[in-house]
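Throughout, read-outs are computed from the coordinates displayed, never taken from laboratory work. This one's a predicted model, so the numbers in the text were calculated from it and none came from an experiment. Quick reminder, even Gly has a Cβ in these numbers, built from the backbone with ideal geometry, and neighbours come from all protein chains shown.
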Amino acid sequence: MKVDGSSEEEGDEAVAGPLQKIRLGATKSTEILKEEAAIQIQRVYRNYRNMEIVRRFLGLGLTIESVRDTSFEAISIKFREEEVQKATARLLRLCGLLERLEEGQVEIEKTCRTFLSAFLILGHPGEVLSDDGENEKALITKSKDLLISFESFLSSPTFPPDQSLSAAWDAFNTGFASWKTRDSEILISTMVAQYAELDLIWQKVKDDTEEHVASDFKEGIRENQLLLLVRIRRLAGERTRTLIRQAVKEARRTRLPKKEKGDTRPRATPTASDGNSVSTEDNNSSVSSGAAVSSITPTGSPQPPETPPGVAGQSRFPPMEDGAVFSNRQIVHELALDKNFKLKARKKGGLERMVEEQTRKAFWDVMKEDVLERGELAKWIPGMAGSVREKLLRLLEPTGSLHRMISDSIDIQIIEQQCRAGSYNYEKFFSFVLSILPKICSPVRDDDVQALINDTGDYIHRLQRLFDVLELLQLDHANFLLMMSAQYMIPEAVPYERRMFAADLEAGRTTLTQAKQWLLKAKEEKLQEARSRDPESVSHPSSRPSSTVIYNHAFAPLLMSLGEPLTLQQVPETFHLDIERIQAYREEFRSLVLGAAMGITIKNILRRNVCSSWKPLKDRISADLSSETALEPSAIARDLCAFLQETVATPKQVIPHVTSAITRIAAISVSQEHQDPVVRVVSNRLRGFVLARLNAGTSKEKVRLATGGGDTLASFGMAEWISEVGVFVERSVALADLNRNCYALWYDGILA
């Protein structure tokens, strides 16, 4: 009997169990026991390690709520911390989400950033996503699914995790990559456009006559281009060089002055030392696009007379066949705006062109009937021969041998006598003239001259073609003289215009009435704006608008308005040489605004990112708005709807909305500037964009604005219009700068 009261049998049974286990264990080998112990230890260690990884990630406090409650800047900085990156990488590897990655720290860090982006997308969608389109909404949904599965796993960790987590991760990763690629392409295209814009600025200022201008721009441009290059390479990788090369090439091709495909320099060319240059004197001369430059003065710095005879800058030669006539004052003004300015035949509208063609045809038909059918040679031949002689002599130096030979060979009196006697030989006349043309024409006209030589038509037909060729030769000759004279005229352009305008004022040929009203109105508006920002009436000098700011404020509405066309009485007298140019710029501004408004509206209806570029749509809109025959608003809407149906999957129920919106925008008349909200917003934004460029005072500021111009326009929804807006800005700034420099003396006097 035991002391504790238990029986001896019960004690034997209690001991028998452990002894039995010992006897069974004793039958296993030592190696098996060690293996089982190792397995057990490893299992315990793995569980501890896994739970430690989960605890460390939970210790970061990352939840959708905590991310939402933290500012975007602060949480972005936190996600870049090394501790967060390591904890995330360990947990993703534990969950098997890094198994398919290539070995490498960069790929792991990229995947961790992608995973953490799901928190940002749900916590700060406005800062992360640039739009609320279908792709963005799908990405938000996939982010939500991923984090729900992830937090479910964290609440009760099991290893390996449930397959739903892996499936949610795959869906999110695919959607994120697709969204990022599309968003990255938008960013890349914008930065490449900025790089090309900076290159254009350098191309235009590198040959500036003032060396400090080029050096100032060069430093700022190189610095900003280097920054852009680094950013582009980070996103585009090996494509960077190709993208930049193509963008720069395209920008130079479309926005820099085009070089002539052939040599337009006449073979019989005078030199600048021969004294053939366009004078900045007002000597009652002018230049026609069909005539050689007539003003001939010695080279050097020309000086106009103190009191020009007649109406300064308004005298004219009789217009040539194309009717395009320029005074010396206009030519100097054009060269000041564009050093590569060339005379061109004036473009005519459809009706004007048709009337001209009919008139010319009637003229040559009458001549043909009189000469070939009635034999009335004396009525036409001497006059036409005299015109040919005069045109040829204009192309040659008076002291040259060819000039003397033509003067002696084409004797109008002898030709008239031959016509009356019926012995005139027009083949001999053509043979002589056609032997001269190849010696004096420019190489680019060789084909035209050869075609004339090979022409076997009747006399009147060949004579008509001869006049056409002579017009081309005279145009080349005039442009060559302009090119030779430009280097002397451009530095004198501003002082020359000042003297001419002062002479006009003194002689009473013009006044400053409109200029005063124009500037004083702008001054009052800017002062009122300054007073509204100064409720305490401190009137600090720094808050007062400068004369340049007032001028730019007055200048902007001249060019950038959707209102009615300007009348002559509304244009300041100081813009008397730019009336047609201002009207053209207003039309260009109108097309930009309406085109951008149409593109933004279509993107919004189709739920596309308005910041993304859609160049084919922009090209179609441009073609519709710039059609030679103005299209009706409904026709524009139908054409754009047809384009959408041909190029993108457009639901049928969307087409009526697009049609209605585009018809409304295209139908906006000059008196409806503020009717459509999209048009109003685009107009105000574009006007502010150009005004910022006008107010830029230093080269550094100009480079900064040019660098960020692409981003700004893309944020406006005008990513496709960057090139066109760039051209408009360049022209506007050039006109404003030249006008301000020419008339600053009078402007400052008015504003004083």
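General observations
- Sites S29 and V230, calculated FRET efficiency, Cβ-Cβ separation with R0 41 Å, nearest 0.05: 0.05
- Shape of the range 59-161, Cα gyration tensor, a/c cut at 1.5: rounded
- Trypsin sites (Lys or Arg not before Pro) restricted to DSSP loop in the range 417-464 with at most 15 other C-beta within 10 Å: none
- For the range 424-500 versus the range 675-751, the spacing of their alpha-carbon centroids is 40 Å.
- Ordering of 709-716, 220-227, 745-752 by packing [mean C-beta count within 10 Å, highest first]: 709-716, 220-227, 745-752
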